[in-house]
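Inspection log for the structure reproduced underneath, given as structure tokens.
The values are calculated or read from the model by the stated rules, or taken from the named source; none is laboratory data. Keep in mind it's a predicted model, so treat the numbers as computed, not measured. We place every Cβ from the backbone using ideal geometry, glycine too, and count neighbours over all the protein chains shown. Note: areas computed on protein heavy atoms with side chains; ligands, DNA, RNA excluded. Shrake-Rupley method; radii C 1.70, N 1.55, O 1.52, S 1.80 Å.
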Amino acid sequence: MSETLIDEFPADDKLWLIKWIDGFQQALHRTGSAGISVLLQELPRSSLAQISAMTTEEIIGMLGQKSDTLNLVRVTLHVGTISKFSIGDIYQNKRLVTQLRYEEFRITLPPGEDDSLEYSLTDDFPLPRYWTKGIPSRILNSSEFSGLTSKIQGESQRFFQSRCVLIERRIADKHTMFVIPRTTIFKSFYALNSPLANAFCDGPWKDQLEVAICINDIKSGQKTRMYEGQWDIVLQLNMPDPCAPLLAVLYFDDYGRESANLIYSRSLQERRASESSVWFANARIPYQAKQEPLSLTFRCLRIKAAGYLDKGTKLLVTSITKSNWPSHYPTIVLGRTNNNRDGDTVEFTDEPKPFAQETTDQVGLEDTVISAALDAQEQSHTNHFQGIDWQWENAPTTLEMKKEYSKRYGGKRVTVDNESNMTSTGHPTYEQGNYPKSDINQEIRLPNLHFSHVYDVFLQLSKDGLLSDCSAFGPRLSRLRQWRNDLSVWSFVEPPETIYRARTRPSWRILEKGKHRVSNTYRSALIVNFSYCGIMFYWIEIEHRPTETGFKSVVMWNIIEDAYTCLEKAVEIIAQRKGSNIEAAFYNAFDRHTVRFATRRHGYNAEKTAMTPSSVKRFLQELSSANFLQPL
């Protein structure tokens, strides 16, 4: 099974780590679209098994590997692709295959604190204790995180001009430094999708905001305005509904609007208005803490804290994945230019639909290539890809905007226009020969209390000493990867050959049906791997709708073959059986001499009493006492 390809990445069997992302330029190659540089480092490991077996100390050593021993490659991609990858991702043959092991941290910014403490990688940094006198100290020293100042094919790199935010906290009695690249902030808050990422590089936000927000009067009577203490916002055609809260902050809130406008104005100053000069990310977090702290969840790589006491910890933030919604922001009333609901007054007409497409959008399929060689074709369908995940700790209050007037139109949509597997996240133009459009959308979700509770049970058993090496085991294929509560989970997305098949009833695989097929939310499974009695287990927990009572959990162990291949097969069997009566299918699919499994039925309730550490402990002890853990 293949994955989406990044055309500019190396086409070989080596494992390539994304080491850094920054360095914007206005017009990439022969296109009219902004680009961004990505630094890749060849890894000394040659297999995914070796990567997954690396200890934290080995990862820290690899990230700080001496620069003269590194094999580095720098590539440039359209900025519209930025939400597709993160520092720490590992690619092989242009495909994402895995990630370095990361850690999650939740911090809070109290009222009055923001992300203004900033250092470029060349700025002098306060000397740590026990630092060798005479040696300059930086926010990221080369012994901690190497390669950013190395020459590639004789050409000096400029990543050392990147800016990073520093946030310091005391965590578990350790002085902890969070180093946050400004590119990470840009990716998390301003690149919700490809058109928006392009817009922030094309001009001031005040001139570009109509890419996302309709500010003109339209016939439906919907209007973007502050009205009766609420934020009324009308989104354009290519902006998904979950983008509304952030876009409302960037439009109505003074600090949010200023933050958005500064991105382009600072880039002009840095490149002195030159179209060919490189500039570096300067984005700041657009939310403010006023009435309560601003909570942020960071996905981090642990790096060496050179010169610090052994109690010091330094963490490089690769993604910001969650936030609370500040309570001082008002209710959001959401409208759309392409809202197909009836208004108070409905007119029937034979006119063609104003938003009817001549082509049908589609989910990015296997072996689809995202390329920066050309811009996108305006008249083509759009290939939709999932970007980084975002979750709210508390849901913003959002209401639907009423329509005063609407029309009922005729007209039909036609099938996909272009079967090419080459796509572009660049600007759509009418130039012939360009690639079909790609749009990488940030997935914005509410918390999943079910998975969070299940994972907490296993973490508690690990703290109690019953289990070891406990973690959420995510898929290696990005097509199968979703996120729930900062946990990498396995999507039950349909196979590529059936995803567009017409059906008369909703698919079990779909948890929540979207307005269009490309916006469906697919059901997922949380897989927790842990060691018990010296044996590695994989616990599969199936997501359920609020109207469902739940499904049996599947526990697998004694996996002799590649765990990813085995679990991919297991997840597909569960989907085909719709989560029920899976035992017989598992017996037929797996050799019991190489894979063992059991199922456990438990309910789920909001009080978190249906599944507890003690009930899971009893279940594992029952497996042990029945000799189920012994090889056949």
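Each residue in the range 121-161 was checked for being in contact (Cβ under 8 Å) with a residue 60 or more places away in the chain, hydroxyl-bearing (Ser, Thr, Tyr) and more than 21 Å from residue 62 (Cα to Cα), and 2 of them qualify.
Sort out which residues of the range 529-558 are closer than 17 Å to residue 602 by Cβ, β-branched (Val, Ile, Thr) and more than 28 Å from the chain's Cα centre (by Cα), and write them in order of number. Of everything in the range 529-558, just one residue is closer than 17 Å to residue 602 by Cβ, β-branched (Val, Ile, Thr) and more than 28 Å from the chain's Cα centre (by Cα), namely 549.
Going through (1) open to solvent by 10 Å² or more (accessible area, probe 1.4 Å); (2) out of contact with any helix residue (DSSP H, G or I) (no Cβ under 8 Å at 6 or more places or on another chain); (3) assigned to a loop (DSSP other than H, G, I, E, B) one by one, residue 238 falls short only on (2). The condition of being within 30 Å of residue 434 (Cβ to Cβ) and crowded, with 16+ Cβ neighbours inside 10 Å does not hold for residue 12.
Just for strands (runs of 3 or more DSSP E) wholly inside the range 153-228: which have at least 3 residues that are under 27 Å from residue 72 (Cα atoms)? Outline the logic, then answer.
On the way: elements: 163-171, 174-181, 225-227.
In the range 153-228, 163-171, 174-181 are the strands (runs of 3 or more DSSP E) which contain 3 or more residues that are under 27 Å from residue 72 (Cα atoms).
Here are the criteria: (1) open to solvent by 50 Å² or more (accessible area, probe 1.4 Å); (2) of a type in the set (Lys, Arg); (3) more than 22 Å from residue 299 (Cβ to Cβ). Tell me which single one residue 94 does not satisfy. If we test residue 94 against (1) open to solvent by 50 Å² or more (accessible area, probe 1.4 Å); (2) of a type in the set (Lys, Arg); (3) more than 22 Å from residue 299 (Cβ to Cβ), just (1) comes out false. Looking at the range 81-94, I want the residues that are among the hydrophobic types (A, V, I, L, M, F, W, C) and have a partner that is in a loop (DSSP other than H, G, I, E, B) with Cβ atoms under 6 Å, at least 6 apart or on another chain. Which pairs are those? Filtered contacts from the range 81-94: 82/191; 90/15. For the range 186-202, the condition of being farther than 13 Å from residue 260 by Cα and over 22 Å from the mean Cα position of the chain (by Cα) holds for none of the residues.
Residues that are modelled with pLDDT of 90 or more and farther than 17 Å from residue 507 by Cα were ranked within the range 566-581; the one that is most open to solvent (accessible area, probe 1.4 Å) is 569.
Looking across the range 534-565, the residues that are at positive phi and open to solvent by 30 Å² or more (accessible area, probe 1.4 Å) come down to 534, 558. Residue selection: residue 550 satisfies the criterion of being touching a His at 6+ places or on another chain (Cβ under 6 Å) and farther than 23 Å from residue 98 by Cα.
List pairs: first in the range 56-74 and in contact (Cβ under 8 Å) with a residue 24 or more places away in the chain and closer than 19 Å to residue 160 by Cβ, second surrounded by 12 or more Cβ atoms within 10 Å (Cβ to Cβ) and of a type in the set (Phe, Trp, Tyr), Cβ under 6 Å, 6+ apart or cross-chain? Here the result reads 63/145, each pair linking the range 56-74 to a residue that is surrounded by 12 or more Cβ atoms within 10 Å (Cβ to Cβ) and of a type in the set (Phe, Trp, Tyr).
Candidates are the residues of the range 298-310 that are surrounded by fewer than 20 Cβ atoms within 10 Å (Cβ to Cβ) and within 21 Å of residue 165 (Cα to Cα); the one that is modelled with the lowest pLDDT is 308. Test residue 266 against the criterion of being of a type outside the set (Val, Ile, Thr), assigned to a helix (DSSP H, G or I), out of contact with any helix residue (DSSP H, G or I) (no Cβ under 9 Å at 6 or more places or on another chain) and at pLDDT 90 or above, and give yes or no. Answer is yes for this residue. Pairing residues of the range 454-467 that are farther than 13 Å from residue 614 by Cβ with residues that are among the charged types (D, E, K, R), at Cβ distances under 6 Å and at least 6 apart in sequence or on separate chains, gives 454/541.
Here the range 432-452 is the region considered, the condition is being open to solvent by 20 Å² or more (accessible area, probe 1.4 Å) and assigned to a helix (DSSP H, G or I), and the residue that is modelled with the highest pLDDT is 452.
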